[in-house]
Structures are given as structure tokens and as C-alpha cells.
Amino acid sequence: MESWRRNPLTFWVFALPPSLWLAVFFLAPLALVWMMSFGEKVGLIDIVISWRPDNYLRAMDPLYLQIFLKSFWFAGLTTAVCLVMGFLVAVAITFAPPRRRPLLLLLVMLPFWTNLLIRTYALIAVFRTKGLVNFGLEQMWEWSQSVLQGVGLGDLGLLGPEFEPLQLLYNNFAVVAGLVYVHLPFMVLPLYAALDRMDRSFIEASLDLGAGHIRTFFSVVIPLAMPGIVSGIIITFVPALGSFLTPDLLGGTDSQMIANVIERQFKSANDWPFGAALSFILMYVTFIAIALRSLWAGRARRGSAA
Amino acid sequence: MNRPKTGGVSRRKFLAGMGAVAAGLKFAPSSVLAAEEKKLNFYNWDTYIGETTLDDFNAASGVEVSMDLFADNDELFAKLKGGNPGYDVIVPTNDFVERMITAGMLMPLDHALIPNIANIDPTFRDAAFDPGRKYSLPYMWGTIGIGYRKSKIDGVPDDWKWVLDSDRYAGKIALMGDGTTMIQMTMKYLGYPLNETDPAKIKQAEAVLIKQKPYVKVFAEDNGQDLLLSGEVDICMEWNGDILQVMEEDDDIGYVVPKQGGLLWQDCLCIPTGAPHPENAHAFINFLLDPEAGAAIADFIQYATPNMAAKKLLSAEYNSNPAIFPPQETIERCEVATYNGAEYTREVDEAWTRIMAS
Amino acid sequence: MSRRAPPGPLDYGRRLWLRFSLWATFLFLYAPILMLVAFSFNDSRRNIVWRGFTLKYYEKAWNNDSLIEAFTNSLTIALVSTVASVILGMMTAVLLWRFRFPGKAPYEGAMSLPIIIPEICMGVAMMAFFARIGWPANLPWPLNLGAITIAHISFSFPFVAMVVRARLARFNPELEEAARDLGASQWQSFRDVLLPYMRPGLVAGGLLAFTLSLDDFVITFFTSGPETVTFPVKVYSMIRFSVTPEVNAASTVLIAITLFLTTIALWLQNRAQSS
């Protein structure tokens, strides 16, 4: 890394366009909403910026904190599942024959060019009581039953009197499954990008030196893939935290996440200032986490340089 | 089903109407521009217009209608709140008409430009939410009641108890995902007025719903009818039109408005403030209230039309369907939702957040 | 190497458990999609009970002008937004990877804001912003898509930056220095050394940006007007009442188009590589 002063021209060429874009088309709109979070609504449409923290105080109610916690739990679980699945997929793609890699990568991405809503509804068709999964299970149940019948055990009712469909929809399981389904490519892509150019001689060396595959994986592959893992976690966890369609459509009666509450503030409750405050709390928390991480990463880098 | 033909007669009649409109315009205030482009942006619910209505209007007036869809009133309101992005005709439900009038988001209608008002059933020509119908004209109306699978339910579930306060159908119940509607229907079950705003009673309704929650499979996002059809639930709270559509596919499904009465809704035609084509908008609203056009719409979407002249053109099957037109004594026990102020909205939203979080 | 040889130490691609997990993942990803495609041929107004084969929903979707229009809008927006996001994201990644400058940590934080912001909050922010600056509403196509495209670029390019940066983290900066020592100009070393190295990251980031844009509903919803409806917004309003096979048919066509285009792209790439 070099100081920007060493090469100011290049620095500005790279710095100006994205910074300007961010400032004008993101930070300025955001500032409007930030101001709104300190406002209060007057009548139906107007919002007066009173610079009072009332909305934030209201959000500190245990009711909302509990929903925040639940959302973090859902998003964390989703990220963990995505990380495990995504790692397997990314490794499998990385070690596939080179000609097949783009195709596999494409296969991971393809479902995501289908609209999120349509995909969620398709997932409902798979999970519902008379859906694909239960249909398959029922076939298997009947098949096993007839096998049992064949060997003379059919009347013992080992498998229960009749097929019990699994209740896969409208509960917290469905929400996490839906979130994993939606966010998996966000995990696979950065992992693949990090693994792809990994120097394989490190792995070879580790194996040659007597470390097993598992040890090599944890002490060589994972550290090398760390930047990809971290970006994968962030770009999975954060959108998962802010989802509202998935809990809306797949969740049961207690699957409410914080974004559902936020969405309601902007829609039916018509309380934009409170919605803005809730959104900003969500952002502050995530922002602090990311800032801490880069601070920590910076310190680690400096530490290793010294 | 006999689909009324939208033939030349109505077009000619319509053109005559247009002539009257044009004649009237000469003396209209100069705010109406001389030559309005032949375009109209219609913001509507999905599957809420006849199959050929827009083409018929185009053929009759030369105005090209582009229709855009919204999913619920909240969306419509949120979208127009920051300023009208260019819509000419919108279809909000009664309580939102009231909200939008209060917020100054609707343009007054010029009744002289809409002679087809004469076709509207007199009971719909005035409304508490819009006295004198200055801003809105009725498009369709209906109820919220209970949809159920006949073979799985004992008799006719004509009591809100079966979905709101009973474990009889545990795990097979779907309620609605909209907090305000849920609280309002619970009020009806408890014997209070639909628009009850007393915080203590809201609390009471909240307690009923929290108690019932373990037996409820899902608070459905406007898809209770699909859940019913797929066998996911056996009984659900839904809009009558939604249940009617699945009744066509499955004879085993029925609809009833419980004896405590339900919610009566009315979707209205309005022109939002800042509409770029107000002149075409008036012509379009007039066209939708035309007997034949109105009959074609009602026949296709199977909702109750307030258009008397259109009703006369429709089949007996439509006119006598109790799921479209509930018995008079049921209607008398139903109530219309009103806009109950910001304090109420907030209280109901917090109650709903607590119900969902519990 | 013969197929029968035992897998080498690095031949993870041929290990059974890894293959199994890959196929299991694909099953999870594709079962819903296959259901979706199958039900597009269902002769019923709903996607619940199979009532026989029909193609009428394809005909209906094809004749649905507003659906086609929404489709075109979505693709146009996604293409423009992807190109812009890849360029801006690449610049951000290089900037953060290469330079040390005062206020870098907060700068990085600001760059990740579009990733961490709840979509609905950004949607409202964009709507409020465009209303405040008086963004012209009645521009001719495709200029009327400007507001949506701008919003899409704003939330896509930080994602691209993140992916590219993960890639750059493993780059040996001495390579670029060596190139410059050998007399390459700044631009030449960037073009011939850094850019090729970044390419997989750029492709991955571009795919991500394209997907994000094509799929975005919430932010688009708040920035779209009557003449700028995109596919997700259209589908959303259609789907909220009931999922008709028409929507399935349109999605199937979308999948087929993407499949077709990407196959061509892959084929072209393979040919370029082998020649």
C-alpha cells in the first residue's frame, strides 16, 4: 500500500468518480432520511424535523429490542448455513475441470435471475403440505410400506398408520430455508473469487508436511480464503437481516423480523420518522461492526508489519 | 356465463357523451389545457378490470390507457405521498379515500363531465367518507368474511368465533396479515363497533388474538384463497372476491359473512392531485360507469357493482350469488372502515407488533 | 489421466462427498425452479392443482404488452447499471487496495453503507431525494429510466467493489511495480497486469450487479413511475393476488433467454481460449 501523496494523479482518478457518485446519489438521499428519523409527523403527510430523539427512545422499548434480537438470530443462522453450503460449492467449483467452472458458476447464479417473489412462491410449491417434498416422502413411505408388507411386517404398523406430511411451511424453519435459498449466491461468489487464485502449492506443502486434509483445510485454506469469507459473511448477513418478504410469505405467526416492522412504518402505520429511526438503528449496529472489523484488520496488519 | 357484448351502441352512446363533454369544456375554466395528449395513466389493482375495457375505451375515445398495478392501499398511499408521479386515475378503498382527502391528495371531480353518475345505485351516491361524492365515485364493493372447505368444516361457520376464538380447527386457520383489519374484525367478534378506538378495547382485541395465535397457521399476505385451495388450511378470513375466484375452481369451497357482521368495503375511482390528464381521467371514469362497460367488468372480475344499469344487463346467476351480494340483513350488520386518526393507527400498529412478537 | 485413477491429493473435484454436496445444493436450488417451469404449462388459473397441459399462458404473456414493456425496461436498466457498477466498483476496489489516505476507515464504512442499509429505507430515501431535486418525470424512453438506473448503480457498485477487493487482496503488488520498473506506464501496467488479474472478480461482481438490478423490487418500487415499471414491480402486483401461470410463463421465458445468452457467451469464450 502506498500513500496517496506519492501518486496524487492516479489517486484522484480512482477516487473521484465513485466518491462523487456515492456522495450525490447515496449519501444525500440518506441524509434526508436521517433527518427524518429526528422528526415527527404532523397530520398525514408532513414531517417536521424537530431534532428530538423521541423515535430512538421509542425503539428502545423491549418489544422492539426483542424483535431486533430475533432478526439477528435468523440472519446469523442463515449466514452460517450459507457459509457451510457456499464453501462446499465454492471448493467443488474451484477444483472442477477448468472448462466446466464457468458453467458451474453459472448454474449457481441462474436461479437468481428469476424474480425473488416468483422464487419464493416456487419454494412454497415445494414445501407445502401437498408439495413436492411431501409428495416424494409419501411415495417413499408407500414404497417402504409395500416392502414391509412383502416381508410380512406390514401389519405391525412400523411406519405409523398413515403418512404424516411434514409441516415445512409457515414456521421459523421455512424462514431460514427461504433466506438461505435467496442469499446463497452472495456467499458463493466472493468465496469462489478468493479460492480461485489461491496458490495450491500451499495446500500441497501442507499435505506433504504431514498435515491431514482437515488440518490443512482449517490452517491453510481458511486463512487464505479469509478475505472472501469476510465479504461473503457481510453481504449475506446484512441483506438477510433486512429481509421482509421472506418472513412475510414463508413465516408463521411468530416469524416477524425487524424489517417487517420497518416496512409497516413506511406503509400501513404511516409513521416514516419511526421507520427511519428503526432503519438507522439497524444501520448503526452493522456499521459499528464493520468499522470494528476494519480497525481490527488494520491493527493486525500493522502488528504483522512491525 | 353470458358475457355482454360491448357493441357499437355503447360506443356511439359514448361518443355522444364525449361530444357533451367537449361542449361542456368550452365553458370550463381555463385550467384545462386546450389539447390534452391522448394518454392516461391508470393505477389499479390486479385483475380488476374487464378483459377488453381499456381497448374499448381506446376505440371510443382514442385515448391510450397505460395501466399500472398496486398491491394494497398502503402502497398506493406511500407512492403518492411524495407527490404524484404521473397517475391520472386511481382506485383507493373507502378509508384511504378519506385519508387522501384529508391529506389533500385528491382532485375534486367535475360531476358535469361524468353524466353516467346517473347509473349509480342511489345508496352509493353519497358516502360518509366523502360527503356529496366530491372526490370519489364507487367502482366495486364487497365484504370480508370467512372462506372455508365445506367437507372439512361442520356446517356453515357463520361465527367469527371459529377463526378468532376456538381451537376447533387448530393448525388449519389462516387469518389476514394486515393489523388494522385484524383488530377491526376482532372488534366485530367482541360485539364492538368496527372502528372502535378505545385503547382498552384495542388491548382486549389484542389479547383475543394472542390467545388464538397458537391455533393459527399463518397470517396470510392476501393469499388466503390459495392456502384454502391447496389444502394448507380449511378455514380463512378473506376478501369475498378472492374466495369467489377459487370457488370457481373448487366446488368444495364456500364463503360466508359471519352473523356478527364483517367489513364492508368500497373501492372508488379518484383523480389524484397533479394528474397530468384530468380531462381524459373524467372521460375514463365516465366510461367505467357506462352500463355495458361496467357490466363487462363486473362479469369478468365477479365483484359487486354499484352500477344499477350494469347490474340489469348481468345474468341472474351473478345477481343472486350470495357471496357477491350477501343477504340484506347481513349487510346491515356490516360496517365501513373509517380513517381513525394517527393516534389510532399507531396504537393498532403497536398492538399488531406485540401480537406478532408474542 | 485415466478416469479410474484414484483421486490425487488435490483432486477434490472428484471426491464423492464434495460432488454429493454440490449436487444436493443444485437440487435445493433447482427443485423450485423446475416446479415453476412445470406449472407454467398448467391449465388452471392457479399454481396449485395440475389440470392438464396448455401453452395458452405463453400466448397470454406474449400478448401482454405491459409485461413485455416491463421486461424490456428491466433488461435495459440491468445492462446499464451493471456496466457502470463494474467500472465504479473496480475503481473503489483499486483505490482501497492500493492507497493509504487519511480518513480511510470512515471512507470504507461509507462505501459499505449501501450494502447494509435496509432496502426499504434506501427506497424511501431515493424517492424523497428525486422528489426534492425535482427530477423530471416525463422524459422519453429510455431516459425516463434514469432515476431507477441511478438508484441501482448506487446499491450495486459497492457489492462489486467488495468482490473485486477480495480478489485483489491476494495480488502481489510487486508484479505491478516490476512492470513499471520495466518501463510500463501507469496505464499500461494497470491494463496489462492489474486488469487481467482482476478479471474473475470483475466478472463475478458484474454477475452480482446484474442479478441485484434484475431482481430488485423494493428500491425500484419507490423510484418507478407510471411509465417505468420493471419486471419485478409488475410481477409483484400480479402475484399478490394469486400466482397465475402467466407469471410462471414469463419467468420461464426469462430463464430461457438468460440461459441462451450465457451459453453463447461461454461458447465464444471457450472458442477464444482454444484458438
Per the list (1) of a type in the set (A, V, I, L, M); (2) in contact with a Ser or Thr (Cβ under 9 Å, 6 or more places away or on another chain); (3) over 29 Å from B:ALA103 (Cβ atoms), residue check on B:LEU313 breaks on (2)
Is there a residue being more than 13 Å from A:PHE26 (Cβ to Cβ), free of Cβ contacts under 8 Å to residues at least 12 places away in the same chain and crowded, with 17+ Cβ neighbours inside 10 Å anywhere in region C:133-142?
no
Confirm whether B:ALA281 is assigned to a helix (DSSP H, G or I) and farther than 20 Å from B:TYR43 by Cβ.
no
Qualifying position, being of a type in the set (D, E, K, R), farther than 22 Å from A:PHE237 by Cβ and within 8 Å of chain A (Cβ to nearest Cβ), among C:ARG167, C:ARG132
C:ARG132
Kindly indicate whether A:TRP34 is surrounded by 12 or more Cβ atoms within 10 Å (Cβ to Cβ), within 33 Å of the chain's Cα centre (by Cα), at the interface with chain C (Cβ under 8 Å from one of its Cβ atoms) and not small (Gly, Ala, Ser).
no
Would you say A:LEU245 is more than 10 Å from chain C (Cβ to nearest Cβ) and aliphatic (A, V, I, L, M)?
no
For A:ALA205, indicate whether it is within 20 Å of the chain's Cα centre (by Cα) and either within 9 Å of another protein chain (Cβ to nearest Cβ) or surrounded by 12 or more Cβ atoms within 10 Å (Cβ to Cβ) (or both).
no
Hey, C:ASN172 within 11 Å of another protein chain (Cβ to nearest Cβ), surrounded by fewer than 17 Cβ atoms within 10 Å (Cβ to Cβ) and at pLDDT 80 or above or not:
yes
Enumerate the helices (runs of 4 or more DSSP H) found wholly within region A:1-81, keeping only those where 2 or more residues are more than 30 Å from C:PRO173 (Cα to Cα).
A:28-36, A:54-59
Taking the stated definitions as given, is A:THR120 among the β-branched types (Val, Ile, Thr), within 14 Å of another protein chain (Cβ to nearest Cβ), surrounded by 14 or more Cβ atoms within 10 Å (Cβ to Cβ) and within 21 Å of A:VAL182 (Cα to Cα)?
yes
Residue in region C:13-40 that is farthest from the chain's Cα centre (by Cα), counting only those that are among the aromatic types (Phe, Trp, Tyr) and surrounded by fewer than 20 Cβ atoms within 10 Å (Cβ to Cβ):
C:TRP17
With the requirement that a residue be assigned to a helix (DSSP H, G or I), without any contact (Cβ under 8 Å) to a residue 12 or more places away in the chain and surrounded by 18 or more Cβ atoms within 10 Å (Cβ to Cβ), what does region A:82-100 give you?
A:LEU88
Give the residue, chosen from C:ALA84, C:ALA93, C:ALA78, C:ALA110, that is in contact with a Lys or Arg (Cβ under 6 Å, 6 or more places away or on another chain), surrounded by 16 or more Cβ atoms within 10 Å (Cβ to Cβ) and part of a helix (DSSP H, G or I).
C:ALA93
Would you confirm whether or not region C:189-204 contains a residue that is among the aromatic types (Phe, Trp, Tyr), in contact with a helix residue (DSSP H, G or I) (Cβ under 7 Å, 6 or more places away or on another chain) and in the same structural domain as C:ARG98 (by TED's automatic domain parsing)?
no
In region C:222-245, is there at least one residue being away from chain B (no Cβ under 14 Å) and either modelled with pLDDT of 85 or more or more than 30 Å from C:GLY134 (Cβ to Cβ) (or both)?
no
Given the residues B:GLY132, B:GLY82, B:GLY147, B:GLY86, which is the only one that is within 20 Å of B:GLU335 (Cα to Cα), small (Gly, Ala, Ser) and within 14 Å of chain C (Cβ to nearest Cβ)?
B:GLY147
Region C:52-61: number of residues that are part of a helix (DSSP H, G or I) and either in contact with a strand residue (DSSP E or B) (Cβ under 9 Å, 6 or more places away or on another chain) or surrounded by fewer than 15 Cβ atoms within 10 Å (Cβ to Cβ) (or both)
3
Taking the condition part of a helix (DSSP H, G or I), touching a helix residue (DSSP H, G or I) at 6+ places or on another chain (Cβ under 9 Å), buried (at least 22 other Cβ atoms within 10 Å of the Cβ) and of a type outside the set (Asp, Glu), does B:ALA78 pass?
yes
Among the residues of region C:113-146, the number that are in a loop (DSSP other than H, G, I, E, B), out of contact with any Ser or Thr (no Cβ under 8 Å at 6 or more places or on another chain) and over 27 Å from A:ILE262 (Cα atoms) is 6
Would you list the helices (runs of 4 or more DSSP H) that sit entirely within region A:210-306 and hold 3 or more residues that are surrounded by 15 or more Cβ atoms within 10 Å (Cβ to Cβ) and over 19 Å from the mean Cα position of the chain (by Cα)?
A:258-266, A:272-305
Conditions first: (1) under 15 Å from C:ALA250 (Cα atoms); (2) more than 19 Å from the chain's Cα centre (by Cα); (3) not hydroxyl-bearing (Ser, Thr, Tyr). A:LEU106 passes all but one, so which condition is the exception?
(1)
Of all residues in region A:101-116, which are among the hydroxyl-bearing types (Ser, Thr, Tyr) and within 13 Å of C:PHE26 (Cα to Cα)?
none
Which residue, of C:ARG165, C:ARG180, C:ARG191, is under 22 Å from A:THR286 (Cβ atoms) and in a helix (DSSP H, G or I)?
C:ARG165
Would you check if there is a residue in region C:204-221 being touching a Leu at 6+ places or on another chain (Cβ under 6 Å) and hydroxyl-bearing (Ser, Thr, Tyr)?
no
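The values are calculated or read from the model by the stated rules, or taken from the named source; none is laboratory data. Nothing here was measured: the structure is a model prediction, and the numbers come from that model. Cβ: placed from backbone, ideal geometry, glycine included. Neighbour counts: every protein chain shown.
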